[in-house]
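Asks: Following this message is one structure expressed as structure tokens.
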Amino acid sequence: KYFSKKDYTTNSIGKLIKTLKTILRASHEEKLHSNVEYQRKGFKTIKAEVTEVYLDENELERLYKLDLTKDKKHDLVRDVFLVGCYTALRYSDYSRIKPIHIKDGVIEIITKKTGNKVIVPIRPELERILSKYDYELPRTYEQMINLNIKVICKKAKINDGIEIEKLKKGMNVKLEVPKCEMVKTHTARRTAATLMYLANIPTIDIMKITGHKTESNLLKYIKVTKEETAKRLALNSFFKGVKKSN
């Protein structure tokens, strides 16, 4: 009730409950207290599915072609964000690309989170962005990108209405917000993974870039609308009525 009055999100409350239960369990095992209320089924970690967005090809192109020559800060933020959209790397990785990571038309980088080596082909737009900075992106920080990319996306007219659910005074309320307000650093990685999937790149190959261990986890991560799924299925031989030869 306290956190609901403070307008904490469902997942923020759930994370706090999970942390509290971990502390209570550990301290109980060390016989620092005898209170077992935390074991009640009703005191559970709550979780809600978060609405995440990605940029489609048209939005990505508009962002890429947006003229920001008169605003160096926004120009840099847009370029760094686009590097994530073209690589599917995390911000902690795509923001630190240097010449040492560029080899024979691909990016080879050891990811910070997992320590795994990832190899990503460089598409033409990415090549032009990297060459603009002599293949070493200027230093940025995540808060700076998150704050400014929303404004830049608004300039690029990425403003379709997105329906989200938000916890207000303990109740789930549906709101409509412009898509630009939902964009953040991680949107770049989600955009890349989703567009690769829509381009019919095998999921096993996408997983080698994103680092997902299972296909089911990758598919949860990818955001594809029902309309886009229908378009992909329409190209399948089943829906075209084409019989496969034995």
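Asks: Which of (1) surrounded by fewer than 12 Cβ atoms within 10 Å (Cβ to Cβ); (2) more than 30 Å from LEU130 (Cα to Cα); (3) at pLDDT below 90 does GLY115 not meet, given it meets every other one?
Replies: Exception for GLY115: condition (2).
Asks: Suppose we keep only residues that are modelled with pLDDT of 70 or more and not in a helix (DSSP H, G or I) within the range 210-235. Which one would you say is least open to solvent (accessible area, probe 1.4 Å)?
Replies: Taking the candidates together, the pick is ILE222.
Asks: Only residues in the range 49-77 that are within 21 Å of MET144 (Cβ to Cβ) count as the first member; pair them with residues that are among the β-branched types (Val, Ile, Thr) and part of a loop (DSSP other than H, G, I, E, B), Cβ under 8 angstrom, at least 6 apart or cross-chain, and list the lot.
Replies: VAL53/VAL183; LEU55/ILE158; LEU55/VAL183; LEU63/ILE158; ASP75/THR69; LEU76/THR140; VAL77/THR140
Asks: Here's something else I'd like to know. Of the residues in the range 12-21, how many are loosely packed, with under 15 Cβ neighbours inside 10 Å and either modelled with pLDDT under 90 or basic (Lys, Arg) (or both)?
Replies: The qualifying residues number 2.
Asks: Continuing with the same structure: Of the numbered conditions (1) open to solvent by less than 60 Å² (accessible area, probe 1.4 Å); (2) under 24 Å from TYR221 (Cα atoms), SER131 fails exactly one; give the number of that condition.
Replies: Here SER131 meets the rest and fails (2).
Asks: Tell me, which residue of the range 143-154 that is without any contact (Cβ under 8 Å) to a residue 60 or more places away in the chain and under 14 Å from LEU82 (Cα atoms) is least open to solvent (accessible area, probe 1.4 Å)?
Replies: Across the range 143-154, the extreme among qualifying residues is ASN146.
Asks: Would you tally the residues in the range 27-53 being surrounded by 10 or more Cβ atoms within 10 Å (Cβ to Cβ) and under 30 Å from LYS220 (Cβ atoms)?
Replies: Qualifying residue count, the range 27-53: 12.
The values are calculated or read from the model by the stated rules, or taken from the named source; none is laboratory data. Being a predicted model, the structure only gives us computed values, none of them experimental. Cβ sites come from the backbone with ideal geometry, for glycine too, and all protein chains shown count toward neighbours. Ligands, DNA and RNA are stripped out before the accessible areas are found, and what is left, the full protein with its side chains, is counted by its heavy atoms. Shrake-Rupley method; radii C 1.70, N 1.55, O 1.52, S 1.80 Å.
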